[in-house]
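Notes follow once the structure below has been shown.
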Amino acid sequence: QLYREHLINKIQVTGGKSPGEIAEGRAAKIVLLKNGIPMKDILPEYKTKSTIEQIRFIKEQLITKGRKRILVISDAFHLRRIFEMCDFFGIKVNGISSEYRLNWRKSFYFALRDSIALVLFWFFAI
């Protein structure tokens, strides 16, 4: 929707894979292509395996190469940690929550997991 409304002009997808799964970046690219986004405007990355690796990728590959504005689209429960990590690395980002909805069990699980990961990041920057 943001692309179609000309609010963004390139879409960077990131994410490696767990054993037996398709890479997150590849899955996102497939969804974008199926929704009419041209390949020339999709920037795929398939090697990062964690949020911190993806934030470092953003800094090294996008910020240092001239991208001045970064909009991160992720699940609502995940945005807080993304913002904290970006702030730590000196990256200015805006964020939008995806419309993906979870049942209460999954919401609790992911909120707890991200909270623990954020505390670990605050203490150890990992």
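For this structure, a couple of remarks:
- The single residue among Phe83, Phe88, Phe124, Phe77 that is over 25 Å from Arg4 (Cβ atoms), open to solvent by 50 Å² or more (accessible area, probe 1.4 Å), in contact with a strand residue (DSSP E or B) (Cβ under 8 Å, 6 or more places away or on another chain) and of a type outside the set (Lys, Arg) turns out to be Phe83.
- Condition check for Lys10: farther than 27 Å from Phe124 by Cβ, basic (Lys, Arg), modelled with pLDDT of 90 or more and open to solvent by less than 80 Å² (accessible area, probe 1.4 Å): yes
- Single condition Tyr100 does not satisfy, out of (1) touching a residue at least 24 places away in the same chain (Cβ under 8 Å); (2) surrounded by 15 or more Cβ atoms within 10 Å (Cβ to Cβ); (3) more than 20 Å from Ala125 (Cβ to Cβ); (4) under 15 Å from the mean Cα position of the chain (by Cα): (2)
- Residue check, Ile37 hydrophobic (A, V, I, L, M, F, W, C), surrounded by 13 or more Cβ atoms within 10 Å (Cβ to Cβ) and over 14 Å from the mean Cα position of the chain (by Cα): yes
- Selection count, the range 21-50, where residues are closer than 22 Å to Arg113 by Cα and small (Gly, Ala, Ser): 3
- If you go through the range 13-34 and keep only what is open to solvent by 100 Å² or more (accessible area, probe 1.4 Å) and of a type in the set (D, E, K, R), you end up with Lys17, Glu21, Glu24, Lys34.
- Residue check for Ile52: under 11 Å from the mean Cα position of the chain (by Cα), buried (at least 16 other Cβ atoms within 10 Å of the Cβ), at negative phi and not charged (D, E, K, R): yes
The values are calculated or read from the model by the stated rules, or taken from the named source; none is laboratory data. As the structure is a prediction and not an experimental result, all values here were calculated from the model. Glycine gets a Cβ as well: all are built from the backbone with ideal geometry, and neighbour counts include every protein chain shown. Remember, those area values only see protein heavy atoms, side chains included, never the ligands or the DNA or RNA. Shrake-Rupley method; radii C 1.70, N 1.55, O 1.52, S 1.80 Å.
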